[in-house]
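Enquirer: Sharing a structure with you now.
The values are calculated or read from the model by the stated rules, or taken from the named source; none is laboratory data. What you see is a predicted model; the values in this text were computed from it and never measured. Here the Cβ positions follow ideal geometry from the backbone for every residue, glycine too, while neighbour counts run over all protein chains shown.
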Amino acid sequence: MTGIDESFPKIISVDDHVIEHRTVWLDRLPSKYHDVGPRTIQERGTMQFVGGTFSYQPSDDGELCDWWLYEDKKIPQTRLSAAVGFSRDEVKVTGITYEEMRPGCWDPKARLEDMDANWTEAQMCFPSFPRFCGQTFMEAEDKVLSDLCVKAYNDWMVEEWCGDSDGRLIPLTITHLWDADLAAAEVIRNAERGVRAVCFSEIPPYLGLPSIHTDYWEPFFRACAETGTVINMHIGSSSKMPSTSADAPAAVGSTLTFGNAMSSMTDWLFSGWLAKLPSLKLAYSEGQIGWIPYILERADNVWDENRAWGGFGDKPGQMKTPHGIWVDDRPGREAQVVVADRANARLQYFTLDGKHAGFVKGLLFPAHVETRGDVMLVPDLHARVSLYGKDNKVIAHLGDDEAWRKKALAGFKMRTTPEKCEPGKFIHPHDACFDKAGNIFVVEWVSTGRVTLLKRV
């Protein structure tokens, strides 16, 4: 680079790429895997990028290029991934050989020379053959081999690619996407030798993996937080680029490259992980920046005006048919929100700012909650009304009759046949409340709209 003001600070790049040299895995895998592990051949092929999807096939009249072979897969090297040294018009989705690449694509000493020429102090490089977060090894059949390939790549990244760079090449590892516990262990293994960056997918469900809104990733996320390992997400790390249609030209997808990063950051903002693990750090590469103010403004608006708790499920904080809500501020208790989580047959407690605080179990189909003094009142659609003390121990199940309940619940038909009702027997208590004297009014989900008065004695 010429003509630069040398007082200008050198660049530290977190969005560079490395082309793995031909023998990265052959040098590190046991010999019995040399015929199925990653290795290269040269042959001709054609490639295209349409509708956000890259496709390729061997072809006698295509471009000569190096291909990676792995299990039964053939994956070409493309000029798009080794673009340095080519003019803008020459950077296409077409094949390339190692001999045509600038050596700095795959040789660390040559890379440092290129960095000097490009006024770059340091850089962090994403993988190429493993893809941007190691999807190639996740998709493989032999997971024992996948494990060895992940570790071999990381050993090469730390020891060979970055080892003699005096800190200028920053190690960026991959991990075991198919197993969160293995992923955590690999993060810890690499952190013990100074690695502080790991690749991850922007949107894991695009890879057929659980979302970050599940507990699946907790071991991995916790390992990253505890070791100070930054989670790095590059566009394309979900193997699906944003586009509008299957036949959209590449220019459409290239214009919309920020889309997955924008969606990913929104996912993380509302996932709860950044609150649960406040030391966790995220980094986005090649995702642009202009959308961030809009998303932050919109997220703030949604949080302030449309904030919700829970989500569907049976885990703590999740609900199935929440059917009643009350603030339990009985004497001697900290004020908390209590929800009748009907289809999960339980009450759930939350702090006033929405953090899960506990359960009351042993209910049948709770529909509502109310308190008076030390007592909590819970009408239950399965033919009873329950009273709980301030310690949430049962005082009484009013109208509890197992034999009658079977009759009342049989197809939920009794609610429309009032002639089958019996005095003093509940069918489907739907709501209830105390009056000032401590009497209880119960309204039921029946065609006659029956209201029952239970007098305090």
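Enquirer: Return yes when Phe426 is at pLDDT 90 or above, hydrophobic (A, V, I, L, M, F, W, C), surrounded by 12 or more Cβ atoms within 10 Å (Cβ to Cβ) and more than 21 Å from Ala345 (Cα to Cα) and no when it is not.
Expert: Working: at pLDDT 90 or above: yes; hydrophobic (A, V, I, L, M, F, W, C): yes; surrounded by 12 or more Cβ atoms within 10 Å (Cβ to Cβ): yes; more than 21 Å from Ala345 (Cα to Cα): no.
Here the answer is no, as Phe426 does not meet what is asked.
Enquirer: Follow-up question, since we're still on this one. Would you mind finding the one in Ala110, Ala140 that is in contact with a helix residue (DSSP H, G or I) (Cβ under 8 Å, 6 or more places away or on another chain) and surrounded by fewer than 16 Cβ atoms within 10 Å (Cβ to Cβ)? Full working, then the answer.
Expert: Working: Ala140 fails: surrounded by fewer than 16 Cβ atoms within 10 Å (Cβ to Cβ).
Ala110 is the lone residue from the list that is in contact with a helix residue (DSSP H, G or I) (Cβ under 8 Å, 6 or more places away or on another chain) and surrounded by fewer than 16 Cβ atoms within 10 Å (Cβ to Cβ).
Enquirer: Of the residues Ser285, Ser279, Ser271, only one is touching a residue at least 24 places away in the same chain (Cβ under 8 Å) and surrounded by fewer than 15 Cβ atoms within 10 Å (Cβ to Cβ); which? Before you say what the answer is, go through the steps one by one.
Expert: Working: Ser285 fails: surrounded by fewer than 15 Cβ atoms within 10 Å (Cβ to Cβ); Ser271 fails: surrounded by fewer than 15 Cβ atoms within 10 Å (Cβ to Cβ).
Step by step, each of Ser285, Ser279, Ser271 is checked, and only Ser279 is touching a residue at least 24 places away in the same chain (Cβ under 8 Å) and surrounded by fewer than 15 Cβ atoms within 10 Å (Cβ to Cβ).
Enquirer: Further, regarding this structure: Looking at Arg79, Arg39, which is the one that is surrounded by fewer than 19 Cβ atoms within 10 Å (Cβ to Cβ) and of a type in the set (Lys, Arg)? Walk me through how you get there before you give the answer.
Expert: Details: Arg79 fails: surrounded by fewer than 19 Cβ atoms within 10 Å (Cβ to Cβ).
The match here is Arg39.
Enquirer: Quick check, is Pro204 more than 14 Å from Leu282 (Cα to Cα), crowded, with 18+ Cβ neighbours inside 10 Å, within 19 Å of the chain's Cα centre (by Cα) and at pLDDT below 95?
Expert: Details: more than 14 Å from Leu282 (Cα to Cα): yes; crowded, with 18+ Cβ neighbours inside 10 Å: yes; within 19 Å of the chain's Cα centre (by Cα): yes; at pLDDT below 95: no.
So Pro204 fails the test.
Enquirer: Got at least one residue in segment 383-391 being within 38 Å of the chain's Cα centre (by Cα), closer than 21 Å to Pro331 by Cα and either at pLDDT below 95 or loosely packed, with under 14 Cβ neighbours inside 10 Å (or both)? Show your work before the answer.
Expert: Taking segment 383-391 first, the residues within 38 Å of the chain's Cα centre (by Cα) are 391.
Subsequent filtering for residues that are closer than 21 Å to Pro331 by Cα retains 391.
Next, only the ones that are either at pLDDT below 95 or loosely packed, with under 14 Cβ neighbours inside 10 Å (or both) stay: 391.
Yes, that holds for at least one residue.
Enquirer: Would you tally the residues in segment 215-238 being out of contact with any strand residue (DSSP E or B) (no Cβ under 6 Å at 6 or more places or on another chain) and surrounded by fewer than 20 Cβ atoms within 10 Å (Cβ to Cβ)? Break it down into steps so the answer makes sense when it comes.
Expert: Residues of segment 215-238 out of contact with any strand residue (DSSP E or B) (no Cβ under 6 Å at 6 or more places or on another chain): 215-223, 225-228, 235-238.
If we keep only those that are surrounded by fewer than 20 Cβ atoms within 10 Å (Cβ to Cβ) too, we end up with 215-216, 218-219, 222, 225-228.
Number of matching residues: 9.
Enquirer: Scan segment 144-161 residue by residue and report those that are of a type in the set (Ser, Thr, Tyr) and either in contact (Cβ under 8 Å) with a residue 60 or more places away in the chain or surrounded by fewer than 17 Cβ atoms within 10 Å (Cβ to Cβ) (or both).
Expert: Keep residues of segment 144-161 that are of a type in the set (Ser, Thr, Tyr), which gives 146, 153.
Residue satisfying the conditions is Tyr153 alone.
Enquirer: Just name the residue that is farthest from the chain's Cα centre (by Cα) out of those in segment 47-76 that are under 23 Å from Glu20 (Cβ atoms) and aliphatic (A, V, I, L, M).
Expert: This residue is Leu64.
Enquirer: Do you know which residues across segment 312-336 are over 14 Å from His368 (Cβ atoms) and more than 25 Å from the chain's Cα centre (by Cα)? Reasoning before the result, please.
Expert: Filtering segment 312-336 for residues over 14 Å from His368 (Cβ atoms) gives 312-320, 329-336.
Listed by number, the residues that qualify are Asp329, Arg330, Pro331, Gly332, Arg333, Glu334, Ala335, Gln336.
Enquirer: Residue under question is Asp391, and the condition is that it be under 20 Å from Trp326 (Cβ atoms) and out of contact with any helix residue (DSSP H, G or I) (no Cβ under 8 Å at 6 or more places or on another chain); does it hold?
Expert: Working: under 20 Å from Trp326 (Cβ atoms): yes; out of contact with any helix residue (DSSP H, G or I) (no Cβ under 8 Å at 6 or more places or on another chain): yes.
So Asp391 fits the description; yes.
Enquirer: Can you tell me which residue in segment 392-402 is surrounded by the most Cβ atoms within 10 Å (Cβ to Cβ), limited to those that are under 43 Å from the mean Cα position of the chain (by Cα) and in a loop (DSSP other than H, G, I, E, B)?
Expert: In this case the residue turns out to be Asn392.
Enquirer: Same structure again: Among the candidates Asp181, Asp164, Asp215, Asp247, single out the residue that is without any contact (Cβ under 8 Å) to a residue 40 or more places away in the chain and outside any strand (DSSP E or B). Steps first, please.
Expert: Working: Asp164 fails: without any contact (Cβ under 8 Å) to a residue 40 or more places away in the chain; Asp215 fails: without any contact (Cβ under 8 Å) to a residue 40 or more places away in the chain; Asp247 fails: without any contact (Cβ under 8 Å) to a residue 40 or more places away in the chain.
Only one candidate qualifies: Asp181.
Enquirer: Next question. Can you tell me how many residues within segment 281-321 are among the charged types (D, E, K, R), touching a helix residue (DSSP H, G or I) at 6+ places or on another chain (Cβ under 9 Å) and over 22 Å from Thr351 (Cα atoms)?
Expert: Narrowing segment 281-321 to residues among the charged types (D, E, K, R): 281, 286, 297-298, 300, 304-305, 307, 314-315, 320.
From what is left, the residues that are touching a helix residue (DSSP H, G or I) at 6+ places or on another chain (Cβ under 9 Å) are 281, 286, 298, 314, 320.
Cutting the leftovers down to over 22 Å from Thr351 (Cα atoms) gives us 281, 286, 298.
Of the residues in that region, 3 qualify.
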